[in-house]
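Right, one structure below, let's go through it.
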Amino acid sequence: MLIQAVPQWQGARTPRAGDLPAGCRALSAFAAEVLDVPVREVPLAAGGAPVADGIANREALLDNKKRHAEALADGPVLTVGGDCAADLVPVAAARARHGERFGVLWFDAHADLNTPASSPSGAFHGMVLRSLLGDGDPAFAAAPALEPGRAVLVGARALDPAERDEIEAGRVRLVPGEPSRIVAEVRDAGIERLYVHVDLDVLDPSEFAGMDYPEPNGMSVTQLVDGLRALAEFEVVGAGVTECVSGKREELAILAPVLHTIGELLR
Ligand SMILES: NC(=[NH2+])NCCC[C@H](N)C(=O)O
């Protein structure tokens, strides 16, 4: 098992986006200690780029995508962001490798189902899951795409109108964070192998101070750990933890059980 650090900030347009690279490096180093595995950092460019085709930093993100694809490691990898789009390349690669019955569990306060046309912000981290479904800007769209109904949002609570439409159309499932509900949904979706994406803003802001895009009424660390543990009956082929802006060890320490549980799923 290996940690790949993806210090990408260009997918976010939040006040703390500039802290994402430092948060990525601090969280990767902490996860390496908790899991006793090495860290390899993906060499990304540091700079931004103008808004193009409705996406902020579009050229920089495309460059990052290429660099990440070139550096992508084999075997069980824990990807540590960076913004949520740090999981774009690993999830698309896992879909290509594991076939139609591959699915994604997306623990996130947000649905990340916007396109450049529907996005309220132009921030690409709000478009990642939609790109994995094959929509939006073709330069980012996954091919093959996730099968409709094989993306499961857990704990999402800050949704934009276009995102609700995708859920209502059944392309994406939305469940609360209860373990039994999560398991039932994954079974019902016919998912055999899965990738676990954790955006730290799925947690309540009172639990963890170092998230990039806090939203009220989130999960507790214990609820998140229980939800992750429930996935042990499935084959977890990859995982990501994203949107950390904290460089403080005492803040990161609260995440130890989350990292530990993800490590168990990946081994
Ligand atoms: N993964 C995230 N933090 N996503 C934030 C997305 C916020 C909002 N829905 C947008 O499109 O801008």
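Before moving on, here are some points about what is shown:
- Whichever residue in the range 89-123 is more than 7 Å from the ligand (Cβ to nearest atom) and on the phi > 0 side of the Ramachandran plot and, among such residues, is nearest to the chain's Cα centre (by Cα): 122
- Close pairs (8 angstrom Cβ cut-off, 6 or more residues apart or separate chains): within 15 Å of residue 41 (Cα to Cα) in the range 53-79, of a type in the set (Val, Ile, Thr) and part of a helix (DSSP H, G or I) anywhere: 65/89; 68/89; 69/89; 72/89; 78/262
- Of the criteria (1) touching a strand residue (DSSP E or B) at 6+ places or on another chain (Cβ under 6 Å); (2) part of a loop (DSSP other than H, G, I, E, B); (3) hydroxyl-bearing (Ser, Thr, Tyr), which one residue 119 fails: (1)
- All conditions but one from (1) of a type outside the set (Phe, Trp, Tyr); (2) buried (at least 19 other Cβ atoms within 10 Å of the Cβ); (3) free of Cβ contacts under 8 Å to residues at least 24 places away in the same chain apply to residue 27; the one that does not is (3).
- Filtering the range 70-88 to residues that are over 21 Å from residue 13 (Cβ atoms) and either over 15 Å from the mean Cα position of the chain (by Cα) or assigned to a helix (DSSP H, G or I) (or both) leaves 70, 71, 72, 73, 74, 75, 76.
- For the range 240-267, the set of residues classified as crowded, with 23+ Cβ neighbours inside 10 Å and either free of Cβ contacts under 8 Å to residues at least 40 places away in the same chain or within 16 Å of the ligand (Cβ to nearest atom) (or both) consists of 240, 241, 242, 243, 244, 245, 246, listed by residue number.
- Test: residue in the range 2-21 that is small (Gly, Ala, Ser), more than 16 Å from the ligand (Cβ to nearest atom), part of a helix (DSSP H, G or I) and modelled with pLDDT of 95 or more: no
- Put simply, of 32, 71, 46 the only residue that is small (Gly, Ala, Ser) and farther than 27 Å from residue 97 by Cβ is 46.
- Hey, residue 60 under 20 Å from residue 195 (Cα atoms), modelled with pLDDT of 95 or more and in a helix (DSSP H, G or I) or not: no
- Wholly enclosed helices (runs of 4 or more DSSP H) of the range 124-217 bearing at least 1 residues free of Cβ contacts under 8 Å to residues at least 40 places away in the same chain and either away from the ligand (no atom under 14 Å from the Cβ) or more than 15 Å from residue 95 (Cα to Cα) (or both): 161-168, 179-188
- Only one entry of 147, 192, 166, 178 meets the criterion of being farther than 22 Å from residue 236 by Cα, acidic (Asp, Glu) and at pLDDT 95 or above, and that entry is 166.
- Residue count for the range 155-201 satisfying the condition of being among the β-branched types (Val, Ile, Thr) and more than 21 Å from residue 77 (Cα to Cα): 6.
- Count of residues meeting criterion [crowded, with 16+ Cβ neighbours inside 10 Å and farther than 18 Å from residue 211 by Cα] in the range 79-111: 13
The values are calculated or read from the model by the stated rules, or taken from the named source; none is laboratory data. Because the structure is a prediction, the values reported are computed rather than measured. Every residue, glycine as well, gets a Cβ built from its backbone with ideal geometry; the counts of neighbours run over all protein chains shown.
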